[in-house]
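The values are calculated or read from the model by the stated rules, or taken from the named source; none is laboratory data. Treat the numbers as computed from the prediction; the structure is a model and nothing was measured. Here the Cβ is made from the backbone with ideal geometry for all residues, glycine too, and neighbour counts use every protein chain on show. Protein only, heavy atoms only, side chains kept; ligands, DNA and RNA dropped before computing areas. Shrake-Rupley method; radii C 1.70, N 1.55, O 1.52, S 1.80 Å.
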Amino acid sequence: MMGRSVSLAVILVAIAMLLGRLTGLFRMLGLATVLGVSHANDLAVLVISVPDVLNAMLIGGALAAVLVPEMHRRSQAISSQHASQLIVQTFFVVGAISSVLAIILAACSSWFTQMLASGFTPAQLSEASRLIMIVLLAFPISAVTAVTAAALQGHHKPTIPAYGNLFFNVILLIAIFFWVTPGDISVVAWAVVAAVLFRLVTQLINCYAIGVFRGGFQSLTRFSALNRELLLKYFQALTAIGVVVAFPVVSRSFASAFEGGISLFEYAQKLVELPRGLFGAILTMVIFPRLSRIFAEGNVSDGAKLISQAAG
């Protein structure tokens, strides 16, 4: 049987993800209650989805898939300080690159909005473009949160990252029921920025508490922990994950041709993702980091045993 610590982590992550997915459904129902199945609801759903779409396609899953094993490899082969330097340097590089991308997308917001919602009328695109410029502030925050989440997973502390979606959805639910009206969707955009910032702060506090950054700020200006091999692995993972994420984005864009289409598509997607997200999160946040550490230590038999038990 899997160890008690692994089983406990699985239970905590499962509860967190279940609550996160359920509050995601409640968020959709809350928007439908306040705004109805309307263009205003479509606009709110589109705005909420922008940071997560960009993060999933460009940063999130690929970063964790590369960063967690590399952390464990460097901890075993060199030192834990070198692994901390990798995290800190990745944090600043990802923050800088995502900020530049956010500025470029904001400058091309009309084109970017049309790509996300090709069925909107010119007036609707103009309104959506203004809101997307606001919510793009959340993209760099969401991007660096992916780094802290990967670091916490690598240190076998997945609980706070797992509760990130719950924190995000609760803040949005408060904004939806207290301040959002059909005539003022901008509240949703600012609530997204506040929610991703809160999620980052909770993870940063946890990172400092367990010493993730200890010694990581030395040699910061040289960025010696990042190399070509690491970037190649990242782009390989990004290609695989980005293609999968692109399909719902394209589907949502087509759905925008019908009033309420984005809202209905998003609601259906939340239902479909509930079981997949639950088990997928357990594998990526609990099992994968432990497998990474086990194989970095050279314990192939223990790794094979964990794979068998997790599959069962």
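The table below gives the values:
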item	result
Qualifying position, being open to solvent by less than 60 Å² (accessible area, probe 1.4 Å) and in contact with a Gly (Cβ under 6 Å, 6 or more places away or on another chain), among Val180, Val144	Val144
Matching residues in the stretch 245-264 - criterion: being open to solvent by less than 60 Å² (accessible area, probe 1.4 Å) and part of a helix (DSSP H, G or I)	Val245, Ala246, Pro248, Val249, Ser251, Arg252, Ser253, Ala255, Gly261, Ile262, Ser263
Qualifying residues in the stretch 29-47 (those that are open to solvent by 10 Å² or more (accessible area, probe 1.4 Å) and in a helix (DSSP H, G or I)) - the one farthest from Phe167 (Cα to Cα)	His39
Failed criterion for Ile241 (all others in (1) at pLDDT 80 or above; (2) open to solvent by 20 Å² or more (accessible area, probe 1.4 Å); (3) among the β-branched types (Val, Ile, Thr) hold)	(1)
Near pairs, Cβ below 7 angstrom, 6+ apart or cross-chain, from the stretch 88-111 (free of Cβ contacts under 8 Å to residues at least 24 places away in the same chain) to any residue that is surrounded by 14 or more Cβ atoms within 10 Å (Cβ to Cβ) and part of a helix (DSSP H, G or I)	Ser110/Leu125; Ser110/Ser129
Filter result for the condition that a residue is in contact with a helix residue (DSSP H, G or I) (Cβ under 7 Å, 6 or more places away or on another chain), of a type in the set (Ser, Thr, Tyr) and in contact (Cβ under 8 Å) with a residue 60 or more places away in the chain, over Thr148, Thr181	Thr148
Scan of the stretch 14-28 for residues that are open to solvent by less than 20 Å² (accessible area, probe 1.4 Å) and under 15 Å from the mean Cα position of the chain (by Cα), ordered by number	Ala16, Met17, Gly20, Gly24
